[in-house]
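Since the structure comes first, as structure tokens, the remarks are kept for the end.
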Amino acid sequence: MNKSLVPAITASDLTKIYGERAALSHGNFEVPAGSICGFVGPNGSGKTTTIRMLLGLITPSGGSGTVLGESITHPEKYLPHVGAMIEGPAFYPALSGRENLKVLAELGGFPLSRVDELLKKVDLADRGGSKFKTYSLGMKQRLGIAAALLPNPQLLILDEPTNGLDPSGIQEVRGIIRDLADSGTTVFVSSHILSELEMICEYLVMLREGKVIFSGRTNELLSAQKPMIVAKPEYEVDITKLADKVSNSGYQVMVVEGALHISAPKEVSAEINRMAFESGITLSSISVVLPTLEETFFEMTGDNK
Amino acid sequence: MIRVVIAELRKLRRPTLLLGTIATVGGLSALFTSIVFLMINSKDGNSKRGEHVGPAELSHAMGLVYGFRLVGVFLGVVALCIFASQTAQEYSLGTLRNLLVRQPSRMKILAGKFIAMKLFALVMVLFAGALSIGISFALSGRAKVDTTAWTSSAAMHLLFESTLNIFISTLCFGTFGMILGLLLRSPISAIAVGVLWNLILENILAALINSTGKWLPGINFSNLGEGGNVDLSYKHSMAVSLAYLVASGALAALLFKRRDVAN
């Protein structure tokens, strides 16, 4: 079978039960090869458990899965081609960043010359000789990403890679992920920063309380959501008057930062404009927007408090 | 597996651990050997349990390794602490998951770690032995001990035999520490339980119930280092030590292979 046509990850009824609690229950999803796939869900929804099962660190209670076409019951067949950072960076505090990477390079049989290349790539070349325990959280995170890149992976699994990074660090990680995807690497990335995922992920797997509630293309998910009309009166004092008028016509409205968010199809925007005009209100702008991934996520998980 | 050994050796050779261990075993070796020669005329004794060893006894071939054999059991305790902490810290630091992603065969990880720590223990024993012998020669003149027999072939044979026995004893203690590290998954707990058991509880048990002594692991590990004695033969200690280590090692290895790495 042509490996490039095989999904990078598949899960079929994948289940992990601890005691009486299902950390993941009958999870079904696919991550297409060569894509950037976001893995989202609230804390405790089963993301890390799923990642651990994919990496052979924990044994599933039921179901099956494949990584790079190989069953997850034989991680030795695919792990040489997988890079991973799970639940934050874990290294030996008394060893330098460089030595820590060398330990993993030796273990995996990768050339030691990769170590300095990667330290440069994650902007740690100057601090490679410093002990890991002296690193800031951002530096630790970057070292974790470097370790994940050691095998020049076909699949990169990153669990919260931007934790502790400053905005420029986040941008760098985004750049690294995009470069890898451009070179054909599949990236499976979990993050709490949904706006980040929305920017880079073509695919999404969404979890809630151990269940997969969505798996597919990001744009399919977003376009399936109800659009919103955002109308902004020229004078802020007019906003309540306009809100009353629109809600009396049967539409749900919400005032957000001086603008009126109206849950209605885009065709209604002309009607809103007319209503405003007839009430003597001038609109400075009116537009139709799709909900963001964050709004969609909260809508789907019911966590929109 | 050779890759695991090389990776483990990189961790073990870090200056804080290597120099710290060398300083500790060097200090112990120097202390015990010096006591034998510097307190040779002391009424309080110059050997274990207040025994006295005079210049005449030390001038035999055995005098060459007398100090080294005294330090043997303490090398075992040092090895126990190192093996336990190096194994358990993979859990407490969360680094085990990195190791298993890069080398999914858990048995290879375990075997590689064990071989690397064996090599580390060998360096430790050889260093302690070399230092002890150096100090013995240096202090022999002051203690009026004739060293002619120390260079005989009998002394060389004794040196080889003692080094091997101390190495085996050190390995037994170290393996015991590694097993505790795997079972308890916390360096502090593993070291505390190991040291407490071997240095305190076993001695209390042996003192309270005389017959238990020959069946306790730590006493048998120590006896191997001393080459056996009249009360406890070398063969008996070897059999008891192997039985303990094989049974508990198999259990620990099975747990390591099967247990989820969920931290």
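List of remarks:
- Test result for B:K108, under 15 Å from the mean Cα position of the chain (by Cα) and surrounded by fewer than 19 Cβ atoms within 10 Å (Cβ to Cβ): no
- Residue selected from segment A:1-48 under the condition under 16 Å from the mean Cα position of the chain (by Cα) and among the hydroxyl-bearing types (S, T, Y), by the criterion nearest to A:Q154 (Cα to Cα): A:S35
- Residue within segment A:61-74 that is more than 26 Å from the chain's Cα centre (by Cα), more than 9 Å from every other protein chain (Cβ to nearest Cβ) and free of Cβ contacts under 8 Å to residues at least 24 places away in the same chain present: no
- Note on segment A:182-200: among residues that are surrounded by 19 or more Cβ atoms within 10 Å (Cβ to Cβ) and among the small types (G, A, S), the one that is nearest to A:L54 (Cα to Cα) is A:S190.
- Filtered by the rule that a residue be in a helix (DSSP H, G or I) and within 36 Å of the chain's Cα centre (by Cα), segment A:271-293 gives A:I272, A:L293.
- Comparison of A:A243, A:A276, A:A270, A:A259 shows that the only residue that is surrounded by 12 or more Cβ atoms within 10 Å (Cβ to Cβ), closer than 29 Å to A:N219 by Cβ and without any contact (Cβ under 8 Å) to a residue 60 or more places away in the chain is A:A259.
- Flag if B:F68 is away from chain A (no Cβ under 14 Å), buried (at least 22 other Cβ atoms within 10 Å of the Cβ) and more than 20 Å from B:A7 (Cα to Cα): yes
- Pairs where the first residue, in segment B:13-27, is away from chain A (no Cβ under 14 Å) and the second is surrounded by fewer than 17 Cβ atoms within 10 Å (Cβ to Cβ), C-beta under 9 Å, 6+ apart: B:I22/B:V123; B:I22/B:F127; B:V25/B:F127; B:G26/B:F127
- Restricting segment A:111-165 to residues that are out of contact with any helix residue (DSSP H, G or I) (no Cβ under 8 Å at 6 or more places or on another chain) and in a loop (DSSP other than H, G, I, E, B), the residue that is farthest from A:F39 (Cα to Cα) is A:D126.
- Here B:K43 fulfils each of the conditions (1) at pLDDT below 90; (2) in contact with a helix residue (DSSP H, G or I) (Cβ under 9 Å, 6 or more places away or on another chain); (3) surrounded by fewer than 17 Cβ atoms within 10 Å (Cβ to Cβ); (4) more than 23 Å from B:E161 (Cβ to Cβ) apart from (2).
- Helices (runs of 4 or more DSSP H) fully within segment A:187-259 counting 2 or more residues that are modelled with pLDDT under 85: A:194-200, A:218-223
- Out of A:K77, A:K102, A:K131, A:K121, sole residue that is touching a residue at least 24 places away in the same chain (Cβ under 8 Å), at the interface with chain B (Cβ under 10 Å from one of its Cβ atoms) and open to solvent by 30 Å² or more (accessible area, probe 1.4 Å): A:K131
The values are calculated or read from the model by the stated rules, or taken from the named source; none is laboratory data. None of the values given here were measured: they were computed from a predicted structure. Here Cβ is always computed from backbone atoms with ideal geometry, including for glycine, and neighbour counts include all displayed protein chains. SASA here: full protein model, heavy atoms, side chains in, ligands and nucleic acids out. Shrake-Rupley method; radii C 1.70, N 1.55, O 1.52, S 1.80 Å.
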